[in-house]
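The values are calculated or read from the model by the stated rules, or taken from the named source; none is laboratory data. All values reported here derive from a predicted model rather than from experimental measurement. Heads up, the Cβs are rebuilt from the backbone with ideal geometry, glycines too, and the neighbour counts pull from every protein chain shown.
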């Protein structure tokens, strides 16, 4: 049974369709409930010291008391997922500035390519416990 005590918290852009799809992707591959989620626009994010500056360009991972962003956050998330996804963590050896160029390019175009919602995601009743 999944525990409700988070090992890690994923903060995501709550109005971004790509980000919401990514949260669904993580949930589907995180059957042990390692990750909990909150929108960067939420009070939870503010309480965790994350400030929303209009257009959040990054997923933020809070794990082990440390904050990770951009490609590092994405790779650290991938290494905890079921299936072959942990293999992507091998890209951690690529220098962060190079990884982040690719990450930021996708982030900069995500609304145009994937669209956005008018309001933050509301979790289904089954998933409500996974959101902070």
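Points to keep in mind about this one:
- Options 67, 82, 76, 104; residue that is part of a helix (DSSP H, G or I) and either over 14 Å from the mean Cα position of the chain (by Cα) or at pLDDT below 95 (or both): 104
- Residue within the range 86-93 that is over 19 Å from residue 106 (Cα atoms), part of a strand (DSSP E or B), modelled with pLDDT of 90 or more and touching a helix residue (DSSP H, G or I) at 6+ places or on another chain (Cβ under 7 Å) present: no
- In the range 76-91, the residues that are in contact (Cβ under 8 Å) with a residue 40 or more places away in the chain reach residues that are in a loop (DSSP other than H, G, I, E, B) with C-beta atoms within less than 8 angstrom, at least six apart or across chains, in these pairs: 77/59; 80/30; 80/34; 81/30; 82/30; 82/31; 85/79.
- Conditions (1) at pLDDT 90 or above; (2) surrounded by fewer than 17 Cβ atoms within 10 Å (Cβ to Cβ); number of the one not met by residue 5: (1)
- Residues in the range 107-126 that are modelled with pLDDT of 75 or more and within 27 Å of residue 33 (Cβ to Cβ): 107, 110, 114, 117.
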